[in-house]
Amino acid sequence: MNEFLRIFFSYLKQNVVAILMGITSLCIFLTVFYLYSIPTEVVGYAAVLCTIAALTAETFKFISFYRRHRELIKLKNHIMSINFEFFNTTNVIEQDYQELIKEIEKSRTYIINEKNKSYWDMIDYYTIWAHQIKTPIAAMRLILQSEKSETNSELLEQLFKTEQYVEMALQYLRLKNISNDLAFKKCSLDHIVKHAVKKYSKTFIRRKITLNYAALNIHVLTDEKWLTFVLEQILSNALKYTTESSGCISIYMDKILPCTLVIEDNGIGIKQEDLPRVFEKGFTGYNGRIDKKSTGIGLFLCKEILTKISHTIKIESEEEKGTKVKIGLDVKNISSE
């Protein structure tokens, strides 16, 4: 009812000039009839007929106006439809507007298609680049491993970081079409965790950081490749912000929350005011700005990937005491986006 009244008053406002002109014309006629002493019955009868005719005409005009409004609302709700049809009209101005909208839609479609083409060309290029760059990285690793020295060890560490950044870029590119790359199956969580830990084993040794990990003995329904990538990112963060020699990282199942993997460190932690924003793209937080090397992409990727594979992630942290990352592995709704 409120919607109807809103449309009705909008109609009155739109036609206020015509309505006032009609009332004014009627008053002029009544005044002229009165001045010429035309019988009151005749004047009244003519006034009633004119009023009924005017109200009837305005009623039909309002009904047409209301129908047009409903049709436009329907068009708006289906604006993404490729071939939506405008209603027929004999009004030249409305026809001009329809033609204008069609031309705008054609231009918009052309621009979107061009942008999409450019976007996918860029994605293809950087995907190829990310794969090709792995070859010289592998060659450099072999060269550096051929001779043991402190310099080569440091170079190997930097090369490892380079490879991680390349992998992060590749996964970021794949994220938009992750649905095409998902393969869910029952996986041993121990196998996934061990694979992630093995990748950073040299970093654990070099920085003398203790790892507390016992067999989890649990299988989960997940995508092994994407979950492994997430665990690698979390371990990378834990190692980055954990103090050398005295640092400790623990991996275990939460005793309260079912099917929840916890990765805990005793590092520098996260400021409380930064916690609500740690999953935002590009957000580095206080510690990230101090580190100067944080990109603000790692946790964003983790959140996006876990959402796509129907897992959850939560971070609990206290500054100077450490951080707990909790990954809920209970699959409920597989994302189809």
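Tell me yes or no: at least one residue of the stretch 13-20 is over 22 Å from residue 91 (Cα atoms) and of a type outside the set (D, E, K, R).
yes
State which residue is nearest to the chain's Cα centre (by Cα) when the search covers only the stretch 215-256 and only residues that are over 20 Å from residue 185 (Cβ atoms) and polar (S, T, N, Q).
Among those residues, the one meeting the criterion is 233.
Of everything in the stretch 134-191, what is farther than 26 Å from residue 251 by Cα and not in a helix (DSSP H, G or I)? Give them in sequence order.
146, 147, 148, 149, 176, 177
If the requirement is being over 30 Å from residue 33 (Cβ atoms) and not small (Gly, Ala, Ser), which of these qualifies: 56, 89, 51? Explain how you work it out, then say what you get.
Working: 56 fails: over 30 Å from residue 33 (Cβ atoms); 51 fails: over 30 Å from residue 33 (Cβ atoms).
Result: 89 is the single residue among 56, 89, 51 that is over 30 Å from residue 33 (Cβ atoms) and not small (Gly, Ala, Ser).
For the stretch 296-321, enumerate the residues that are in a strand (DSSP E or B) and at pLDDT 90 or above.
Those that are in a strand (DSSP E or B) and at pLDDT 90 or above: 312, 313, 314, 315, 316, 317.
With the condition kept exactly as written, say whether any residue in the stretch 248-256 is part of a loop (DSSP other than H, G, I, E, B), within 21 Å of residue 192 (Cβ to Cβ) and at pLDDT below 90. Steps first, please.
Step one: filter the stretch 248-256 for residues part of a loop (DSSP other than H, G, I, E, B), giving 254-256.
Next cut, within 21 Å of residue 192 (Cβ to Cβ) only: 254-255.
Pick out the ones that are also at pLDDT below 90 and you get 255.
Yes, some residue in the stretch 248-256 is part of a loop (DSSP other than H, G, I, E, B), within 21 Å of residue 192 (Cβ to Cβ) and at pLDDT below 90.
Quick one: which of 121, 96 is closer than 27 Å to residue 13 by Cβ, outside the structural domain of residue 6 (by TED's automatic domain parsing) and either at pLDDT 80 or above or basic (Lys, Arg) (or both)?
Values: 121 fails: closer than 27 Å to residue 13 by Cβ.
On inspection, the qualifying residue turns out to be 96.
Within the stretch 129-164, how many residues are within 21 Å of residue 297 (Cα to Cα) and either in the same structural domain as residue 282 (by TED's automatic domain parsing) or free of Cβ contacts under 8 Å to residues at least 40 places away in the same chain (or both)?
Qualifying residue count, the stretch 129-164: 9.
Can you go through 210, 243, 228, 260 and tell me which one is in the same structural domain as residue 318 (by TED's automatic domain parsing), polar (S, T, N, Q) and touching a residue at least 40 places away in the same chain (Cβ under 8 Å)? Before the answer, list the steps.
Working: 210 fails: touching a residue at least 40 places away in the same chain (Cβ under 8 Å); 243 fails: touching a residue at least 40 places away in the same chain (Cβ under 8 Å); 228 fails: touching a residue at least 40 places away in the same chain (Cβ under 8 Å).
Of the residues listed, the single one that is in the same structural domain as residue 318 (by TED's automatic domain parsing), polar (S, T, N, Q) and touching a residue at least 40 places away in the same chain (Cβ under 8 Å) is 260.
Of the numbered conditions (1) surrounded by fewer than 16 Cβ atoms within 10 Å (Cβ to Cβ); (2) not assigned by TED's automatic domain parsing to the domain that holds residue 320, residue 172 satisfies every one except a single condition; which is it?
In the conditions (1) surrounded by fewer than 16 Cβ atoms within 10 Å (Cβ to Cβ); (2) not assigned by TED's automatic domain parsing to the domain that holds residue 320, residue 172 misses (1) alone.
Pairs, please: C-beta under 7 Å, at least 6 apart or cross-chain, first residue more than 16 Å from residue 15 (Cβ to Cβ) and in the stretch 35-63, second of a type outside the set (Ser, Thr, Tyr)?
Filtered contacts from the stretch 35-63: 43/30; 43/33; 47/26; 47/30; 50/26.
Could you list all residues from the stretch 208-222 that are assigned to a loop (DSSP other than H, G, I, E, B) and of a type in the set (A, V, I, L, M, F, W, C)?
If the condition is that a residue be assigned to a loop (DSSP other than H, G, I, E, B) and of a type in the set (A, V, I, L, M, F, W, C), then 209, 214, 215, 216, 218 are the ones that fit.
Filter the stretch 64-81 down to residues that are among the β-branched types (Val, Ile, Thr) and over 24 Å from residue 12 (Cα atoms), then give me how many there are.
Going through the stretch 64-81 one residue at a time, the tally reaches 1.
Sort out which residues of the stretch 187-206 are crowded, with 16+ Cβ neighbours inside 10 Å and either of a type in the set (A, V, I, L, M) or touching a Gly at 6+ places or on another chain (Cβ under 8 Å) (or both), and write them in order of number.
Within the stretch 187-206, 189, 192, 193, 196, 197 qualify.
On the given criteria, is residue 139 surrounded by fewer than 12 Cβ atoms within 10 Å (Cβ to Cβ) and on the phi < 0 side of the Ramachandran plot?
The answer is yes for residue 139.
The values are calculated or read from the model by the stated rules, or taken from the named source; none is laboratory data. Predicted, not measured: the structure shown is a model, and the values here were computed from it. Every residue, glycine among them, receives a Cβ derived from its backbone with ideal geometry; neighbour counts consider all protein chains shown.
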